[in-house]
Amino acid sequence: MCRQILFAGLLLFLAACDSGDFSVLDYETVVELTLIANEPVPPARVSRIVPENQSSDFEERAITNAEVVLSTGSTSLLLEASTKKPGVYEYLGKHIIQPGARYDLKVTVPGVATTITGTTNVPTAVEILSASPEAGRYLSDEQLTLIVMPGRSGDQTQSSFTLVTEAFDLREDNLVPSAAGFLENDSDLSLDDFRISASPIITEGNFFKFPDGTIRLVYPWIGVSFYGRNMVYVNSLDRNLSDFIRAAELQQGGGGTFGPGVIPNATPILYGAHGLFGSLARDKTQFTVFPPDE
């Protein structure tokens, strides 16, 4: 369920998709930090790669003595090592991530010669201007329609989105038929595996665009796993997140057009480390889904 964890990261229930073997890679450090426009600075995670046949438990890989600095303009923010969560670095002051701003990351690890650096251009704010209807019957014409002011980074020619649904009424009798079928046929799955669902990356060119720059988005029923209350997030991704997700989909076999041994390598995001430093802007709306008429 690595892909589900990845998209949960876009909601900033951020978690990493661990690989079982980094033994052939050139860097030893993994850094994870995703910023969200108009929200406080989230924790960063710093760890070592997972050698072959060794535990992938994060706490066993955690680096606890790094220096982690996030900066924008003339402002520098020191993220301090958590005393309760090894490998986690938190900003203890007050700072709201600014839409449209550039943020630079610098991580120094004692004993590692290379200073880790990265840059993200935060997308401008995403705003859902209208959302209707507030409720709909599954697979009916009562689909959620959003009018959205899209966000975009300064280095992007158009917005890149993911649409993420978070379900609140997690009961087996609330599963839509497709999700119920997956649960029934796979003993490794649980209800919580369906709590978060997400679309692939889509661009604003996929939507109807109004002259004022807003777009109309009709939310597809395929994004719904549970009847009941659902929160729908519209996430606008910076270039780093877009590249990271596209590369992850290819590495996990989602591309469908590459033969063995010719899948492209992931686009480097950080200098001196593996991992992710990116940003997104998001807005959300609630949508209640009723079962279809019998």
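Laboratory data are not the source of any read-out in this text; all were calculated from the coordinates shown. This one's a predicted model, so the numbers in the text were calculated from it and none came from an experiment. Every residue, glycine among them, receives a Cβ derived from its backbone with ideal geometry; neighbour counts consider all protein chains shown.
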message: Treating only the Cα positions of region 69-191 as identical point scatterers, give the base-10 log of I(q)/I(0) from the Debye formula at each q in 0.14, 0.18, 0.22 Å⁻¹.
response: -0.96, -1.05, -1.24
message: As a footprinting exposure proxy, order F58, F277 by other Cβ within 10 Å, with the fewest listed first.
response: F58, F277
query: For K284, which aspartates and glutamates qualify as cross-link partners when the Cα separation must be under 20 Å and same-chain residues fewer than eight apart are set aside?
result: E39, E127, E134, E142, E166, D169, E204, D238
query: Residues with amide H under 5 Å of T288's amide H, sequence separation 5 or more or different chain, H placed in the peptide plane at 1.01 Å from N; which?
result: A135, G136, N230
task: Kindly put T83, T124, T162 in sequence by how many other C-beta atoms sit within 10 Å of each C-beta, fewest to most.
output: T83, T124, T162
task: Using the number of other C-beta atoms within 10 angstrom as an exposure proxy, rank E172, E166 with the fewest first.
output: E172, E166
task: Could you go through region 279-284 in sequence order and give the Karplus-derived ³J(HN,Hα) for each residue, using 6.51 cos²θ - 1.76 cosθ + 1.60 with θ = phi - 60°, rounded to whole Hz, and x for Gly and Pro?
output: 7, 8, 10, 8, 9, 9
message: I'd like the Karplus ³J(HN,Hα) series for region 215-227: coefficients 6.51, -1.76, 1.60, θ = phi - 60°, whole numbers in Hz, and an x wherever there's a Gly or Pro.
response: 10, 9, 10, 9, 6, x, 5, 5, x, 9, 10, 10, 5
field: Computed magnitude of the charge dipole of region 187-246 (debye, nearest 20; Cβ of K, R +1, Cβ of D, E -1)
entry: 220
statement: Diffing region 116-128: the Karplus 3J(HN,Hα) column from phi (6.51, -1.76, 1.60, θ = phi - 60°), in whole Hz with x for Gly and Pro, holds 7, 9, x, 9, 9, 9, 5, x, 5, 5, 9, 9, 7
